[in-house]
């Protein structure tokens with residue numbers, strides 16, 4: 001048998017490091033989102049990108065994380081991308 005996937009052994013510290021790195025990444029884009037609601041929605045979007053889903057659409061990610069509509073997140077991303 002050929003092993004193509006390496007064995008990954010993560011510790012709690014690795015998880016905490018990952019959370020810090022995710023927050024550092026989000027901070028890079030903080031100024032693009034003027035309103036608190038937009039920043040919170042962007043945080044959900046980044047979390048959604050890291051979730052194991054077969055479909056990475058905004059709607060699918062928000063439904064998985066929050067269980068509700070993604071319209072406001074879609075609007076926030078469009079506003080930032082149009083700048």
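Taken together, the values in this text are just the output of simple stated rules run on the coordinates, not laboratory data. All figures in this text were calculated on a predicted structure; none of them were measured in a lab. Backbone-built Cβ (ideal geometry, glycine too); neighbour counts: all protein chains shown.
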Taking into account only those residues within the stretch 3-35 that are in a helix (DSSP H, G or I) and within 19 Å of residue 58 (Cβ to Cβ), which is farthest from the chain's Cα centre (by Cα)?
32
Scanning the stretch 40-56 for residues that are touching a helix residue (DSSP H, G or I) at 6+ places or on another chain (Cβ under 9 Å) and without any contact (Cβ under 8 Å) to a residue 12 or more places away in the chain gives 53, 54, 55, 56
Of residues in the stretch 36-55 being more than 8 Å from the chain's Cα centre (by Cα) and not in a loop (DSSP other than H, G, I, E, B), the one surrounded by the fewest Cβ atoms within 10 Å (Cβ to Cβ)
36
